[in-house]
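Each remark here refers to the structure printed beneath this line.
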Amino acid sequence: ALVFGAVCVGGVSGADMWDGTVDTSWYSSSQTTFTITTSEQLAGLAELVNRDRNQVTFEGKTIYLGADLDMSGHEWTSIGYKDSSSRSFKGTFNGNGHTISGLTQSLDKNEEGGLFGYVSGGTITGVTLTDSTFTLTSRGITLGSLVGILEDGNVNNCDVSNVYITSTFDWSSDFWNA
């Protein structure tokens, strides 16, 4: 197994703790700016971008993070992914200097991982990601702690600390043939 760090447990003191549910009630197609203040709303952002019907790209829209969020205890699904249907985030995500902690994600073949899986033409700015763990279970995975795939977009003034990547895949037998 390949290990890039050790697991750090615990979130940001005073952060909103995720209960594992999804909240999309904050979204209205007529608005151009949104403020996310709960972990459930952040999970709702992933739900809106990733869904098969009525996908929302957030192009021309800005999302502000209004509080520190602790995502510990539940499996994270990246915001956006790239496959034949390509669900990308195209808006602006402004972290306002807030911290997202405790992301846990297990990735299988042909997945994009990170807070955002696929950003195309979008901007991620002013957010800190900390105390998070990503586990790779096979090859063919694209991973970035903040953004897995970034096409024609920007990542500005962001910070990443205590983020660890581990692997349960036996890279030694297949690594150079990937």
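The values are calculated or read from the model by the stated rules, or taken from the named source; none is laboratory data. Note that the coordinates shown come from a computational prediction; the quantities given were computed from them, not determined experimentally. Positions of Cβ are backbone-derived with ideal geometry, glycine not excepted, and every protein chain shown enters the neighbour counts. What goes into the accessible areas is simple: the full protein's heavy atoms, side chains included, and nothing from ligands, DNA or RNA. Shrake-Rupley method; radii C 1.70, N 1.55, O 1.52, S 1.80 Å.
If you take all other residues with their beta carbon under 15 Å from the beta carbon of Gln31, and give Lys and Arg +1 and Asp and Glu -1, the sum is 0. For region 9-119, what class follows from the C-alpha gyration tensor (a ≥ b ≥ c being the square roots of its eigenvalues): rounded when a/c is under 1.5, otherwise prolate if a/b is larger than b/c, else oblate? Here region 9-119 falls in the oblate category. What fraction, in whole percent, of alpha-carbon pairs in region 41-101 exceed 18 Å separation? In whole percent, the share of Cα-Cα pairs in region 41-101 beyond 18 Å is 38. Only protein atoms count toward the accessible area here, which uses a 1.4 Å probe; on region 11-50, the carbon and sulfur part of that area reaches 44 percent.
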